[in-house]
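Undergrad: Dropping the structure in here first, questions after.
Laboratory data are not the source of any read-out in this text; all were calculated from the coordinates shown. These numbers come from a predicted model, not from an experiment. Cβ coordinates were reconstructed from backbone atoms using ideal geometry, including for glycine residues, and neighbour counts include every protein chain displayed.
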Amino acid sequence: MYLPHHLEPTIKQLEEDFAISDEFLIKASDFFLQSMDEGLKAPEQSREHMPMIPTYVTAIPTGKEKGLYLAADLGGTNFRVCSVDLKGDHTHELIQNKYRIPQELMKASSADKLFSYLAQKIESFLDEHHTEAKEKSTQPLKLGFTFSFPVNQTNLDEGTLIRWTKGFDIPDAVDRDIVDLLQANLTVLEINVKVVALANDTVGTLLSGAYQNNPAETNANTIVGAIFGTGTNGAYFETLENIPKLKNPPPGAKGMVINTEWGSFDNTLKILPRTKYDEIVDSETANKGYHLFEKRISGMFLGEILRVILIDLFKQDLIFTDLYKARGGSLPHRLAQPWQLDSEVLSYLQIDDSTDLKMSELILQNTLRLPTTRDERVVIQRLTQAISNRAAKLSAIPLATIAKRVKDQYKDDDKDFEFGCDGSVVEFYPGFRQAILDSVNVIDPLKGTNKKIHIRISKDGSSVGVAVVPALVEEIQKNPHNL
Ligand code: GLC
């Protein structure tokens, strides 16, 4: 949309700074493949390579797994507690309660504050839906814990926190065993529940995607579980010979699900696009210098990138000048505050086609108390599109590269590839999914085959999937040859 000439060149330049070319996508995919290998090799975690964390999940569900399990899911602003009844025919029944995590527990001095809150919420869920868990005489209910932060996993039910991401900051929890923390707080409340599995949300999404998918009907295999929500990350199945850092693999295992923690792809910025705004946003975070890929893609950051650009344009006297004068020399409080511009707002601005962007005027007024002129709204819309476009194109890099990487695992099978995805950005942001697929096609990972690539939204995947873990383990114990 047309802008007056004091603005046009600046906005055009910004659009160029955020543009991602086809050549870049291809080069970045090669680099991602190389970074995966480095992460699978390196025995120690370091900022230099992707974590590529072995999860001790050694098989992918078939859909025949059965049983009733509890799932607890912590990964962003909400804590979810569910019971999942797996029917053994790709279907399940889910009962769930959702609790908002109080801000003061996300950044606290002691981990016990957060974990005792989680245990209390599990207790209220059980009081409501499963009173049998209070009876000591019965077998404990088995609980899978989805904990969506980088964890150094040493067994299915053991793992220590490497570092917090996505705005959490409780230094006391780092290096501690996450299952122990939860179990200890459940024991204090005398709840008859045993934490039997710990999994990242991406692992859950992969497993629930595979559980629910019936390849005979969809003609597709689920090869990746990915999240594009508050954060971004993905998990996939890797063959053992490609995981040299795994010194004592479980007996009989042929491979293992890997939690890539791709949010940390290219932390040293060898190839990723960098603008001064990315640097400002990074400097505002608790995990500065880490997860720089995530900080260009996921829901927690898109709004913040836009906000810091707007502040910069304002400082250059390009926008909000009348407003500044009218307010006697200040900007609306919310715009001046970090993290106050929610990415959900961007999803409305992105597709506003009303005359003079009147819809956006209302939205900005309501959410940020920000009055705008027509030109300012055009600026905001064009920047929103530039930021989200970059995010969607970058999101294609890990997905396409993993498809390329696992191609050989499926060489004797003619089914399509399916990415099981969850998270607000991929689910709700207008055009995001299609933009990912367009860029995946540019990388063209399945060149030379007739297979196609699909994105499937795997709703509640992270919770359902962690319930599949214990069921899967029981299946494996019954039928070890299925590994
Ligand atoms: C962050 C976390 C990762 C999680 C992702 C999506 O990147 O580090 O563990 O999977 O967010 O929730």
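Undergrad: Across bins of 10 angstrom width beginning at 0, how are the C-alpha pair distances of segment 93-153 distributed, in whole percent?
TA: With a bin width of 10 Å, the distribution comes to 16, 45, 31, 8.
Undergrad: Let me have the 222 nm mean residue ellipticity of the chain computed from DSSP H runs of 4+ only, each contributing -39500 (n - 2.57), with the sum over all residues rounded to the nearest 500.
TA: -13000 deg cm²/dmol
Undergrad: Now for a different question. Picking from LEU141, GLY420, LEU86, whose Cα lies most toward the positive end of the charge dipole for the chain (charges on Cβ: Lys, Arg +1; Asp, Glu -1)?
TA: It is GLY420, whose Cα lies furthest towards the positive end.
Undergrad: Pairs of Cα atoms under 8 Å, at least six residues apart: use those to get the relative contact order of segment 135-204, whole percent.
TA: Relative contact order here is 46 percent.
Undergrad: A further question follows. In degrees, nearest 10, range 0 to 90: what is the angle between the Cα axis of helix 358-368 and the longest Cα principal axis of the chain?
TA: Computed tilt is about 70 degrees.
Undergrad: Using label points projected 7 Å from each Cα along Cα→Cβ, tell me how many nm separate LYS358 and LYS447, to one decimal.
TA: Computed distance between label sites LYS358 and LYS447 equals 5.0 nm.
Undergrad: Say R0 is 22 Å: what FRET efficiency, to the nearest 0.05, do TYR348 and GLN434 get from their beta-carbon distance? Intermediate values should be presented prior to the final figure.
TA: Working: r = 18 Å, r/R0 = 0.82.
Efficiency, rounded to the nearest 0.05: 0.75.
Undergrad: Let me ask something additional. With N residues in segment 121-263, what two-decimal value do you get for its Cα radius of gyration over 2.2 N^0.38 Å?
TA: Rg over 2.2 N^0.38 Å, computed on Cα atoms: 1.19.
Undergrad: Something else now. Taking H as built 1.01 Å from N, whose amide H comes closer than 5 Å to the amide H of CYS421, not counting residues under 5 places away?
TA: Result for CYS421 returns ALA226, ARG456, ILE457, SER458.
Undergrad: Compute from the Cα atoms of segment 145-212 the Rg and the Dmax, the latter being the longest Cα-Cα distance, and quote both in angstrom.
TA: Here Rg and the maximum Cα pair distance are 12.9, 38 Å.
Undergrad: Okay, moving on. Once the Cα gyration tensor of the chain is diagonalised, what are the square roots of 5 times its eigenvalues, in whole Å and ordered largest first, as equivalent ellipsoid semi-axes?
TA: After scaling each eigenvalue by five and taking roots: 39, 27, 20 Å.
Undergrad: What is the Cα radius of gyration of segment 331-483 over 2.2 N^0.38 Å, N being its residue count?
TA: This ratio for segment 331-483 stands at 1.42.
Undergrad: Using 7 Å Cα-to-Cβ label points, what is the ARG176/ASN97 separation (nm, one decimal)?
TA: Calculated label separation equals 2.4 nm.
Undergrad: Return the FRET efficiency for the residue pair HIS130, LYS459: r is the Cβ-Cβ distance, R0 is 22 Å, and the value is rounded to the nearest 0.05.
TA: 0.45
Undergrad: Quote the relative contact order of segment 1-95 in percent (integer), defining contacts as alpha-carbon pairs under 8 Å separated by 6+ residues.
TA: Values: 74 pairs, mean separation 14.2, N = 95.
With pairs under 8 Å counted, the relative contact order is 15 percent.
Undergrad: Within 10 Å of each residue's Cβ, count the other Cβ atoms and sort ILE258, ILE455 from fewest upward. Mind showing how you got there, number by number?
TA: Working: ILE258 28, ILE455 20.
By the 10 Å Cβ count, ascending: ILE455, ILE258.
Undergrad: How much net charge surrounds MET1 when only the other residues with a Cβ under 15 Å from the Cβ of MET1 are counted, with Lys and Arg +1 and Asp and Glu -1? Don't skip to the answer; put the middle values down first.
TA: Values: positive: LYS12, LYS358, ARG374, ARG377, ARG382; negative: GLU8, GLU15, ASP352, ASP353, ASP356, GLU361, ASP375, GLU376.
That sum, taken over residues with Cβ under 15 Å, equals -3.
Undergrad: Mind computing the radius of gyration and Dmax over the alpha-carbon atoms of segment 14-149? Å is fine for both.
TA: 20.9, 66
Undergrad: Now, a different point. In percent, how large is the relative contact order of the chain, given Cα pairs closer than 8 Å and 6 or more residues apart?
TA: Relative CO of the chain lands at 22 percent.
Undergrad: A further question on this structure: Which log10 I(q)/I(0) values, to two decimals, does segment 183-232 give at q = 0.18, 0.20, 0.27, 0.32 Å⁻¹ under the Debye formula with one point per Cα?
TA: Reported log10 I(q)/I(0), two decimals: -0.72, -0.77, -0.95, -1.12.
Undergrad: Place a +1 charge on the Cβ of each Lys and Arg in the chain and a -1 charge on the Cβ of each Asp and Glu, then give the dipole magnitude about the Cα centre in debye, rounded to the nearest 20. Before the final figure, lay out each step's value.
TA: Values: 53 positive and 67 negative charges, 52 e Å.
For the chain, the charge dipole is close to 260 debye.
Undergrad: Moving to a separate point now. Which angle between 0 and 90 degrees, to the nearest 10, do you get for helix 111-129 versus the longest principal axis of the chain when only C-alpha atoms count?
TA: The angle comes out near 70 degrees.
Undergrad: Given the convex hull of the Cα atoms of segment 206-350, what is a quarter of its surface area in nm²?
TA: Its Cα hull, projected and averaged over all orientations, spans 13.3 nm².
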